[in-house]
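What follows is a single structure, written as structure tokens, with notes after it.
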Amino acid sequence: MIRFMLGRLALAIPTLFIVTLAVFAMVRAIPGDPASAMLGDLATPEMVARLKASMGIDKPLPVQYVIWLGDVVSGDFGRSIGNDEPVGPLIWERFKVSASIVLLAVALASMVAVPAGMIAAWRQGTATDLGLIGVATLLLSIPSFWLGLMILLVFGLGLGWFPILGSQALSGSWREWAAAIAMPVLTLFLVEMGSIVRMSRAATIDVLRQEYITHARAKGLSESAVMWRHAFRNAFAPTWTLIGLILGALLGGIAVVETVFTIPGLGRLLVEGIYTRDYPVVQGCILMIAFVYVVVNLIVDMAYPFFDPKVAR
Amino acid sequence: MKRQLTLTLAALLAAGTAMAQEPQPGGVLKIASTSDIRSLDGTRQDANTDAVLHHIFDSLVAYRDDMTVGPLLAESWETSEDGKTWTFTIRDGATYHNGKPVKAEDMVWLWDRLMARGETTGTPWLCQPVFDGSGSLKVNDVSAPDDRTLVFELEDPSPLFLERMADVICHIYGVSPDNVDADGNWIEGSAIGTGPFKLKEWKKEQYVALEKFDDYVPVDAPRSGYAGDRTAYVDEVQFVVVPDSSAAEAAALAGQVDVTPLSNLDRADEMEAEGMSVLSAPGLSLTAVLLQTQDPLLSDVRIRKAIAHAIDLEQLTEVTTSGLTKANPSGVPLSSAYYGEEFANWPDYDVEKAKALLEDAGYDGTPITIQANKRYNSMYNNAVLLQAMLAQAGITAEIEVLDWAAQLDNFFSGNFQMSSFGYSQRTDPAIIYGMFIGDKDTYPTAQWDDPKVSELYGKITSEADFDTRRDLLVELQAKMAQDVPILPLHYWPVVQMAGPDVHGYEAWSLAKPRAWGVWKDQ
């Protein structure tokens with residue numbers, strides 16, 4: 001197991017190196033530059049040129065890349081062009097905010113959606129199945145920004161249960177913090193539940209068709225014993241993979257939800273960085289997202305043996 | 001226009017009601033801001049940063065509501081007979097937030113610091129080219145003969161000098177030298193100014209909280225624009241970061257912010273029905289469509305004129321601004337004292353004339369590309385309407401949607417055929433025309449490259465007499481209507497809304513929120 005983990009970690013190093021190259025090249029390839037974006041239409045070409053020189057973005061691209069990579073390896077992600085803050089701590093602060101919302105939302109969604117998917121599979125073809133799959137498909141089809149705005153209007157504006165400006169409450173007591181993240185968590189919970197229900201249902205249907213399930217039923221085991229003891233562990237493995245992918249994707253950016261609920265998270269930092277061509281911030285954010293993907297996948301892989309003994313062997 | 005009049009009347013009535021009421025001190029005023037500020041020392045600026053810093057620091061002089069220049073940190077000023085020496089008197093009793101008196105030599109220190117910043121930090125002051133002779137203005141020397149007298153010596157007389165000193169971005173302001181350490185570096189988190197509010201807390205990406213400066217001694221002049229009496233009534237003002245306009249509107253309706261810009265202009269009625277005060281003022285941001293006159297097709301003045309004839313400016317403006325302003329194809333904003341009907345001089349909307357000009361020019365249907373972006377929806381909307389209007393005249397136009405930074409980059413390099421654009425706010429007509437007059441080889445951002453026009457523009461910038469200057473501006477506009485080097489459409493209106501318990505708040509042409517003179521029901 002330890003060799004497996006070390007092997008996966010070693011594989012992550014070339015992956016992250018390729019990511020540094022790709023992100024550096026892509027960020028530089030898009031038109032526009034931070035000097036022009038910062039100065040706006042007030043600037044003269046001389047001012048833009050001077051600011052580019054002061055930012056170090058007038059140097060040849062390979063030189064810029066080597067300097068940045070050297071700094072990153074030594075733990076220095078540079079300073080934000082927009083507000084001169086060190087990028088490393090800036091990303092970490094924002095990541096913590098995003099992670100708290102995402103982890104809570106995905107955990108809640110999994111706890112509700114996995115059993116719901118199994119029940120739908122168990123009651124396949126009945127009204128319960130149709131109802132559950134209908135709700136799941138509906139949730140899957142709703143764009144997160146629209147759902148977020150509706151939740152904001154109903155629970156924030158209409159009922160006044162939660163603060164509309166999440167950012168303000170984040171720095172308060174734990175109660176205020178919980179109130180601040182309630183609406184974004186609810187949005188993500190609903191949006192992600194759809195796909196998890198569908199996956200859980202499909203995987204369970206597949207397992208329920210297996211001969212060992214028929215055998216278990218033939219032995220006279222109760223339906224609940226068949227479902228939870230025999231079907232659940234096998235059916236959960238593919239759903240667990242999906243949850244890992246969802247976690248990786250969401251931890252990397254829930255910019256839309258963060259914008260709607262005024263949450264200063266990693267996604268909003270990345271989007272603002274792209275708008276203003278804040279190269280160090282964009283590069284740092286994408287590197288962080290890649291790292292999170294690697295770590296989440298590693299955790300998912302390590303957890304597999306608990307659900308599928310064949311993997312452990 | 002009806003809607004604009006209604007709103008103006010409503011604003012006047014609200015102002016009248018507010019004036020009739022006695023200000024109630026206390027409370028917290030929350031103003032929605034689309035992004036966090038970038039710095040406290042002004043090294044990194046944007047519109048939101050400037051808005052906050054103007055509450056902490058008083059500029060020497062400032063714009064009034066009517067875009068004339070009024071007193072602020074300087075209570076008066078005079079100019080020498082040759083127009084080269086400007087002498088400002090610092091207002092009596094002005095102190096910094098740390099209790100120390102403001103001295104004219106502090107302004108000299110700030111001036112030297114700003115002008116030398118390019119050498120000392122590598123990041124030049126954004127406004128250095130305004131004052132170093134790169135343009136028409138050169139400041140040779142700044143001195144402080146005594147504690148309350150500040151003297152600027154210019155290379156040549158400039159009627160624009162005072163306007164430049166009042167600029168919301170490029171100005172000299174009351175900054176205490178105690179903000180920097182012994183090495184001259186700005187102390188982290190420091191913001192000791194002279195304004196009506198002092199820094200309380202900056203919670204990054206959340207809010208900037210300012211508290212009332214109790215020892216603020218206002219200048220003896222009525223509150224107007226950024227100038228005059230800036231006495232604060234609220235105990236605290238918070239600039240709350242709300243990037244999404246819909247969330248800002250919802251927060252205002254829920255009473256979680258008191259003042260917010262209204263970006264969806266067509267929602268003004270709905271907001272008023274909900275009890276919000278919708279406040280509008282004529283804007284200063286020129287919305288225009290740039291024409292690349294070096295493009296093989298658009299270098300033909302007949303094609304450019306055909307485009308101008310094909311556009312129904314009134315209809316386009318009515319649609320994109322929900323009738324909150326009127327078309328204005330000139331470099332003179334509606335709120336300017338120079339404005340008059342002469343500045344409506346522009347090729348009339350006449351599709352048949354457009355078709356005749358196109359035929360004369362031998363236009364063969366070659367598509368023209370209009371660059372636009374969706375960060376600023378109004379620019380995209382203008383491009384869509386333009387495309388439809390051009391199609392009526394037989395001109396094929398394609399819209400290329402870029403992100404704003406890419407479009408701005410193309411603006412700097414002149415890399416476009418047509419570009420649906422919006423300039424930043426400028427106050428003086430000469431400065432506005434100056435944005436697009438110049439040599440394209442040296443400044444690709446220039447749209448109108450004609451030596452005779454540059455000569456006429458030079459006369460305007462050096463002319464001090466109002467009437468003569470206005471005549472020259474009229475002449476310039478007439479020439480622009482002939483050459484059509486750019487398609488000015490209108491000036492984007494300023495629309496903001498305030499909660500029902502907010503009094504004394506007013507929108508003004510420079511769009512920046514002002515928390516002084518405002519109070520809330522207690």
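Being over 24 Å from the mean Cα position of the chain (by Cα) and farther than 14 Å from B:Asp450 by Cβ is the filter here, so list the residues in segment B:466-481 that pass it. Write out each step before concluding.
Kept after step one, since they are over 24 Å from the mean Cα position of the chain (by Cα), are these residues of segment B:466-481: B:467-468, B:471, B:475, B:478-479, B:481.
Of everything in segment B:466-481, those that are over 24 Å from the mean Cα position of the chain (by Cα) and farther than 14 Å from B:Asp450 by Cβ turn out to be B:Asp467, B:Thr468, B:Asp471.
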Check your understanding: Are any residues in segment B:478-500 of a type outside the set (A, V, I, L, M) and part of a strand (DSSP E or B), and if so, which ones?
Key -> B:Pro488, B:His490, B:Tyr491, B:Trp492, B:Pro493, B:Gln496
Point to revise | Only listed residue being more than 23 Å from A:Gly82 (Cβ to Cβ) and either free of Cβ contacts under 8 Å to residues at least 60 places away in the same chain or within 13 Å of chain B (Cβ to nearest Cβ) (or both), chosen from A:Ala303, A:Ala255, A:Ala249 | key: A:Ala249
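Rundown of residues vs (1) within 14 Å of chain A (Cβ to nearest Cβ); (2) under 28 Å from A:Glu93 (Cα atoms); (3) among the polar types (S, T, N, Q); (4) buried (at least 21 other Cβ atoms within 10 Å of the Cβ), yes/no style:
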residue: B:Asn179; (1), (2), (3), (4): no, yes, yes, no
residue: B:Trp186; (1), (2), (3), (4): yes, yes, no, no
residue: B:Pro196; (1), (2), (3), (4): no, no, no, yes
residue: B:Pro222; (1), (2), (3), (4): no, no, no, no
residue: B:Ala227; (1), (2), (3), (4): no, no, no, yes
residue: B:Thr231; (1), (2), (3), (4): no, no, yes, no
residue: B:Ser245; (1), (2), (3), (4): yes, yes, yes, no
Review point. Do you know which residues across segment B:151-201 are touching a helix residue (DSSP H, G or I) at 6+ places or on another chain (Cβ under 9 Å), in a strand (DSSP E or B) and over 28 Å from B:Thr461 (Cα atoms)?
Key: B:Val175, B:Val180, B:Trp186, B:Gly193, B:Phe197, B:Lys198, B:Leu199
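Within segment A:6-90, which helices (runs of 4 or more DSSP H) (wholly inside it) include 2 or more residues that are modelled with pLDDT under 85, within 12 Å of another protein chain (Cβ to nearest Cβ) and touching a helix residue (DSSP H, G or I) at 6+ places or on another chain (Cβ under 9 Å)? Please lay out each step first, then the result.
Numbers: elements: A:34-39, A:45-55, A:61-73.
Because the criterion is at least 2 residues that are modelled with pLDDT under 85, within 12 Å of another protein chain (Cβ to nearest Cβ) and touching a helix residue (DSSP H, G or I) at 6+ places or on another chain (Cβ under 9 Å), the helices (runs of 4 or more DSSP H) in segment A:6-90 that meet it are A:34-39, A:45-55.
To keep it simple, each residue is scored yes or no on (1) out of contact with any Gly (no Cβ under 6 Å at 6 or more places or on another chain); (2) within 11 Å of chain A (Cβ to nearest Cβ); (3) among the small types (Gly, Ala, Ser).
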{"site": "B:Asp350", "(1), (2), (3)": "yes, no, no"}
{"site": "B:Ala361", "(1), (2), (3)": "yes, no, yes"}
{"site": "B:Ala388", "(1), (2), (3)": "yes, no, yes"}
{"site": "B:Ala391", "(1), (2), (3)": "yes, no, yes"}
{"site": "B:Glu400", "(1), (2), (3)": "yes, no, no"}
{"site": "B:Ala406", "(1), (2), (3)": "no, yes, yes"}
{"site": "B:Arg426", "(1), (2), (3)": "yes, yes, no"}
{"site": "B:Met435", "(1), (2), (3)": "yes, yes, no"}
{"site": "B:Tyr443", "(1), (2), (3)": "yes, yes, no"}
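Do you know which residues across segment B:135-148 are modelled with pLDDT of 90 or more and open to solvent by less than 30 Å² (accessible area, probe 1.4 Å)? Lay out the reasoning, then the answer.
At the first step, the residues of segment B:135-148 found to be modelled with pLDDT of 90 or more are B:138-148.
B:Val139, B:Val142, listed by residue number.
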Review point. Does any residue of segment B:47-56 turn out to be in contact with a Gly (Cβ under 7 Å, 6 or more places away or on another chain) and open to solvent by 20 Å² or more (accessible area, probe 1.4 Å)?
Key: no
Review point. Is there a residue being closer than 24 Å to B:Gln294 by Cα, in a helix (DSSP H, G or I) and hydroxyl-bearing (Ser, Thr, Tyr) anywhere in segment B:390-413?
Key: yes
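When you scan segment A:116-226 for helices (runs of 4 or more DSSP H) that lie fully inside it, which ones turn up with 3 or more residues that are within 14 Å of chain B (Cβ to nearest Cβ) and closer than 17 Å to A:Val257 by Cα?
A:144-151, A:166-170, A:174-208
The values are calculated or read from the model by the stated rules, or taken from the named source; none is laboratory data. Given the structure is predicted, the values throughout are model-derived calculations rather than measurements. Here the Cβ is made from the backbone with ideal geometry for all residues, glycine too, and neighbour counts use every protein chain on show. In case anyone asks, the SASA skips ligands and DNA or RNA and just uses the protein heavy atoms, side chains included. Shrake-Rupley method; radii C 1.70, N 1.55, O 1.52, S 1.80 Å.
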